[in-house]
Amino acid sequence: MKSRILVIDDEVGIRDSMRRTLEYQGYQFVGASSGQEGIALIDRDPPDLVFLDIKMPGMDGLEVLDQIKARHPEVPVVMVSGHGTAQNAFEARDKGASGFIEKPFSEPVLLERIEKELEGNRRDTAYRALRQEVDSKYQMVGTSGALRKVQAAIEKAAPAHATVLLQGESGVGKELVARMIHRLSPRSRERFVQVNCAAIPEDLIESELFGHEKGSFTGATERQVGKFEQADRGTIFLDEVGDMSLKTQAKVLRVLQEGEVERLGSAKTVNVDVRVIAATNKNLEAEIEKGNFREDLYFRLAVIPIYVPPLRERPEDVPLLVKHFVNQLGRENNRRPKQITPAAMDVLRRYRWRGNIRELRNTIERLIIMTEGDTIDAPDLPESLRSDKGAPRPAAASGPPAAPGAGAASDAGTLREFKESAERAWLVEKLRENAWNISKTAEVIGTPRSNLYKKLEQYAIRQETDG
């Protein structure tokens, strides 16, 4: 499709000359002899690019620019002047002009400027589309007072450079909050780099965070840039920061204090400008008392602490979240939108979501895929939700681990629910036997560590509640 270019100039000779050049090059030309006429044309059908003369009778170019940017901020405007000054150029830039050229200009100069502006506009359009897609996926849904407190904290924290510590249970949406802070910050056009500190083996996390040189250790066949360097000028999100070793904590503290990293196997330091957001579901003050977490790092991370509440503290948000997930997950799974009956919604609202928003999302996705027809009613919901038992209860800490399939599994209403309850109880037993060491447990039960993490998420298994 031809790019449409509007030329606003009171000189007919300039308009005719630009018409010939633009139409010969395959562009669609539109002309206006005054600012008022140009604004009316833009209001009717915004062009891909505007060339705007500064000196015109009546409304001058800078006034027209103000009007265009107030009504159509996405339209790029290049200012044109036969007697331009540095002051004109600065003022035009301040008002939102994307460029400035002086008359008389040659055809190559004009075409080069057009291509540059259109390419920039294409990038901006693609960026806006991507942002809209990301925003729809990572939006905060709800109107509860608890959520409004989080949103207010995000708005205050986002413009600053200070570190943020997000605290809350597993599945409450700490990653979502971190992404919101990044998107609202001056770093929003730079990278958001996420690191799950609990998912990376201890012998690899330093290499992952800080990078390494070729040959620095067995298996280091290539040089690797670490996550902190990747996030330079952007934001790094350290999820489950409470699971880092004391050695790694010391190196992270150095990055926060000095703004520099040192790759493994290198004697050189690299300066980085990174905004750090950390998250944990652990009580770090208790971990400090146990000697598992550095107090100085805690104070460095918790400059701006934000508590993200569990879903049971904001039950009025459940219906909005359900409708959001029904629409979003229906599109992602190529399913027609399903209706939630009032009876089903009442069950979902009353249930105590131990896995929080993550558990709710997984439940809705399962219902969208597995429920026949276009309506989800109360009988379609898992028995565990309808009976309000929630996730299977962990065995009492003072007694022996429950046998697989015991307890809540025996109350299952379907074979599938029995299998899931039994699997959950068995996994909890094995984790306890191996002191909640994920790598060791995965090895003992003969499954990849990544698969075990998926199971922990699926069944909302946490050491704090199941230990």
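The values are calculated or read from the model by the stated rules, or taken from the named source; none is laboratory data. None of these values were measured; they are calculated from a predicted model. Ideal geometry is used to build each Cβ from the backbone, glycine not excepted, and the neighbour counts take in all protein chains shown. Accessible surface areas use protein heavy atoms only, side chains included; no ligands, DNA or RNA. Shrake-Rupley method; radii C 1.70, N 1.55, O 1.52, S 1.80 Å.
Numbers for the structure displayed
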item	result
Residue in segment 268-284 that is assigned to a helix (DSSP H, G or I) and buried (at least 16 other Cβ atoms within 10 Å of the Cβ) present	yes
Elements of type helices (runs of 4 or more DSSP H) in segment 287-371, at least 1 residues being within 22 Å of Glu240 (Cα to Cα) and in contact with a helix residue (DSSP H, G or I) (Cβ under 7 Å, 6 or more places away or on another chain)	295-301, 356-370
Residue selected from segment 258-267 under the condition under 26 Å from the mean Cα position of the chain (by Cα) and not aliphatic (A, V, I, L, M), by the criterion most open to solvent (accessible area, probe 1.4 Å)	Glu260
Residues located in segment 13-67, provided they are outside any helix (DSSP H, G or I), open to solvent by less than 10 Å² (accessible area, probe 1.4 Å) and in contact (Cβ under 8 Å) with a residue 60 or more places away in the chain	Leu49
Among residues of segment 378-401, those that are open to solvent by 70 Å² or more (accessible area, probe 1.4 Å), modelled with pLDDT of 85 or more and in a loop (DSSP other than H, G, I, E, B), counted	0
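Yes or no, residue by residue, for (1) in contact with a Phe, Trp or Tyr (Cβ under 8 Å, 6 or more places away or on another chain); (2) among the hydrophobic types (A, V, I, L, M, F, W, C); (3) within 24 Å of Arg462 (Cα to Cα); (4) at pLDDT 85 or above:
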{"site": "Arg335", "(1), (2), (3), (4)": "no, no, no, yes"}
{"site": "Met345", "(1), (2), (3), (4)": "no, yes, no, yes"}
{"site": "Met370", "(1), (2), (3), (4)": "no, yes, no, yes"}
{"site": "Ile376", "(1), (2), (3), (4)": "no, yes, no, yes"}
{"site": "Thr441", "(1), (2), (3), (4)": "no, no, yes, yes"}
